[in-house]
Amino acid sequence: MTLFLHVARRALVAFLGSLVAVVGLFLVVDFAENSSIFNGEGWLLAVLALYAYRAAVVAYQIAPAAMLLAAAITASDLRRTREYTALRALGLGPWRVVVPVLAVAAVVAVGAAWLDDAVVVEATSRAEEIMANQFHRAGAFQRASERKRWFRGRGGRRIYHLRGGGDAGFERVTVLEVTDAFRLSRRIDAARMTPSAVPGEWVLEEVAERSFRDDGSVETTFSPRRAYRFDEAPGAFAVRAGRPGQMRRGVLGEQIALRQRLGLPAQDFALEWHDRLAYPLAGIPAGLVALGLALRRGRKGHLTAALVEAVAVSFAFWSVHGICWSLGLSGRLSPALAAWAPNALFLVAGALAVRRYA
């Protein structure tokens, strides 16, 4: 246990040092790049809040790479101080170093996964809000919290434009009905649309209905309240706008189920849902490969070698990750396989490297 805690402590210090260095470097470079737009009343407090949010986002994004670097540095430092040589002389194998480092990587992965869902999504939105309101640099991240406004009904014959509202009902509604030749045949405008107690029926208020005849004439009728039968249930209009990366994991699960039920594409949402767990855990298999390289017999060099090896492993891992991600988006791989395949491949490669060469 003493040895375990000793190695784990060194790995944790190396991880924190790597993380702080990289995050600090990013924030300095980003501030220098955008300093010309930071002006106006209260700009200093706004900038402090902006970079507090960005620090959380960058820390999550960098955490797996920082853990990879920490694993390489820890193993190299143990070799530099001859501690690893003493361990081998006592008949202790490389796993006495690998296990505590990977334990730290697992703790980091759990923390990163929590940080992503609890902080990062909201922090990204807040940072864009500050940039838009204080410094007039608009972003699109807030769209993830908005509902989609345009919907195509089943069969493609009916198009809905819902400008406001939610599950209880919608406001400022327009319903367009088209023919097979995509010619407008009827338009319904209403101040409010709510689901009726009768399944498949909707109640529209302050209705203006226009019917377009083949001869070009238009017939218009007005009603204070009228019931219509539409094919779409209320849940069909709960689809959110925005990219999957802008949504919390719970919202992603809801959107996947909804899109699958409606027959809408959900591949990118499912891929993002799996990657929210696979990405924080990437530091474990990548760190294992780095340990296998750093502990190999006959290795020369310490810190410089660790940095070079960490960069090489990082490049290889994210290259595989990018290829699998592309194959997942295109449908050639299932979302689960595309998200988890890089971790599985590097976990096997790292275990074999430690067992054979360390």
Which one of these is surrounded by 23 or more Cβ atoms within 10 Å (Cβ to Cβ), within 22 Å of the chain's Cα centre (by Cα), in the same structural domain as Tyr84 (by TED's automatic domain parsing) and closer than 29 Å to Ser18 by Cα: Ala339, Ala316, Ala294?
Ala339
Looking only at segment 73-89, and only at residues there that are of a type in the set (A, V, I, L, M) and modelled with pLDDT under 90, the one that is surrounded by the fewest Cβ atoms within 10 Å (Cβ to Cβ)
Ala89
Of the criteria (1) on the phi > 0 side of the Ramachandran plot; (2) free of Cβ contacts under 8 Å to residues at least 12 places away in the same chain, which one Glu206 fails:
(2)
Can you name every residue in segment 162-189 that is modelled with pLDDT under 85, part of a strand (DSSP E or B) and not basic (Lys, Arg)?
Leu162, Gly164, Gly165, Gly166, Gly169, Phe170
If we ask which residues in segment 257-269 are modelled with pLDDT of 80 or more and under 19 Å from Arg152 (Cβ atoms), their number turns out to be 4
Would you check which residues across segment 1-52 are free of Cβ contacts under 8 Å to residues at least 24 places away in the same chain and hydroxyl-bearing (Ser, Thr, Tyr) and list them?
Thr2, Ser35, Ser36
Please determine whether any residue of segment 98-106 is in contact with a helix residue (DSSP H, G or I) (Cβ under 9 Å, 6 or more places away or on another chain) and farther than 13 Å from Ala71 by Cα.
no
Quick check on segment 319-336: of everything there that is free of Cβ contacts under 8 Å to residues at least 40 places away in the same chain and among the small types (Gly, Ala, Ser), which residue is surrounded by the most Cβ atoms within 10 Å (Cβ to Cβ)?
Ser334
Looking at segment 90-101, is at least one residue crowded, with 23+ Cβ neighbours inside 10 Å and modelled with pLDDT of 90 or more?
yes
Any idea which of (1) surrounded by fewer than 18 Cβ atoms within 10 Å (Cβ to Cβ); (2) modelled with pLDDT of 85 or more is the one Leu303 doesn't satisfy?
(2)
Can you tell which of Phe15, Phe38 is aromatic (Phe, Trp, Tyr), surrounded by 14 or more Cβ atoms within 10 Å (Cβ to Cβ), assigned by TED's automatic domain parsing to the domain that holds His136 and farther than 17 Å from Ala109 by Cβ?
Phe38
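The values are calculated or read from the model by the stated rules, or taken from the named source; none is laboratory data. Not measured: the values here are computed from a predicted model. A quick note on method: Cβ atoms are made from the backbone with ideal geometry, for glycine too, and the neighbour counts reach across all protein chains shown.
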